[in-house]
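The values are calculated or read from the model by the stated rules, or taken from the named source; none is laboratory data. If you're wondering where the values come from, they're calculated on a predicted model, not measured in any experiment. Here the Cβ positions follow ideal geometry from the backbone for every residue, glycine too, while neighbour counts run over all protein chains shown. The protein model used for the area step is the full one, side chains on, heavy atoms only, and it has no ligands, DNA or RNA in it. Shrake-Rupley method; radii C 1.70, N 1.55, O 1.52, S 1.80 Å.
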Amino acid sequence: MLDARENILDAGQRAVAHKGWAAVGLTEILGAAGVPKGSFYHWFASKDAFGEAMLQAYFATYLAEMDATFAHEDETAVRRLMDYWQGWRRTQSLNDCEGKCLAVKLGAEVADLSEPMRRALEQGTGAIVERIAAMLEAGAIDGSVVAFRDSKAVAQSLYGLWVGASVLTKIHRDPTPMDDALAHTERVLRPA
């Protein structure tokens, strides 16, 4: 039974990452998951409840991957941060974002339409910013990152830069905004 729930979440994530929230119907998600409609309502009270669960599952996976990147304590904090940003550039450039960029894909689309999904996005992106801030602080300790007065504000700014670069990359179908974000991030992080 749990497999059906996971299949629905996985199929929904793929479909929504490709088409957006409004363009994807339950019939499409259930068909891709290979489960009957009744299975959906066994697990989710509504499409919004499904969206909230899908975002929570997405962020759980994303944060686990982020934690794995940041866990390499044999590397400096700046190297781990740059590995994270380079991974972002590699997985979220152009059309190669299926299942990888739900915060970018859905942030503007659902924030005004669904309060539960907005909260899930807020919590997930907040957890990302917290992890970046912690790595900035670790970098200040190991000397590989500039010591910032407010690491959380810098982390929020960098995250916003990358979300914006992701959107511009999609609009222009050109990875230059990602390249610019990578270069800017490195300049911001490195001690003079």
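Rg and Dmax of the range 100-150, Cα atoms, in Å?
When restricted to the Cα atoms of the range 100-150, Rg and Dmax are 14.8, 44 Å.
Any idea how far apart A183 and Y41 come out in nm if each label point goes 7 Å out from Cα toward Cβ?
5.6
Given contacts defined as C-alpha pairs under 8 Å and at least six residues apart, what's the relative contact order of the chain, whole-number percent? Spell out each step's value before the answer.
On the way: 197 pairs, mean separation 43.4, N = 192.
Relative contact order of the chain: 23 percent.
Share of Cα-Cα pairs in the range 138-192 beyond 13 Å, in percent?
On the way: 924 of 1485 pairs.
Here the tail beyond 13 Å accounts for 62 percent of pairs.
Using 1/(1 + (r/R0)^6) with R0 = 22 angstrom and r between the beta carbons of R90 and D150, what's the FRET efficiency to the nearest 0.05? The partial results should precede the final answer.
Values: r = 29 Å, r/R0 = 1.32.
That pair, R90 with D150, gives E of 0.15.
Among the trypsin sites (Lys or Arg not before Pro) within the range 136-192, which fall in a DSSP loop and have no more than 15 other Cβ atoms within 10 Å of their own Cβ?
Working: sites: R149, K152, K170, R173, R187; in loops: R149, R173.
Sparse-neighbourhood loop trypsin sites (Lys or Arg not before Pro): R149, R173.
Would you mind calculating the relative contact order of the range 129-192 from Cα pairs under 8 angstrom and at least 6 residues apart, reporting the percent as a whole number?
With pairs under 8 Å counted, the relative contact order is 33 percent.
In debye, nearest 20, what is the charge dipole magnitude of the chain about its Cα centre with +1 on Lys and Arg Cβ and -1 on Asp and Glu Cβ, if you could check? Intermediate values should be presented prior to the final figure.
Working: 20 positive and 26 negative charges, 80 e Å.
Charge dipole of the chain: 380 debye, to the nearest 20.
Mind pulling the per residue volume of the convex hull built on the Cα atoms of the chain? Å³ is fine. Intermediate results must be reported in sequence, preceding the final value.
Working: hull volume 21.6 nm³, N = 192.
Once divided by residue count, the hull of the chain is 112 Å³.
Of all the accessible heavy-atom surface of the range 35-112, with the other protein chains kept in place and a 1.4 Å probe, what percent is carbon and sulfur? Display every interim value, and only then the final one.
On the way: 1870 of 3710 Å².
C and S fraction of accessible area: 50 percent.
Points 7 angstrom from Cα along the Cβ direction at I171 and I141: gap in nanometres?
For I171 paired with I141, the spin-label model returns 3.9 nm.
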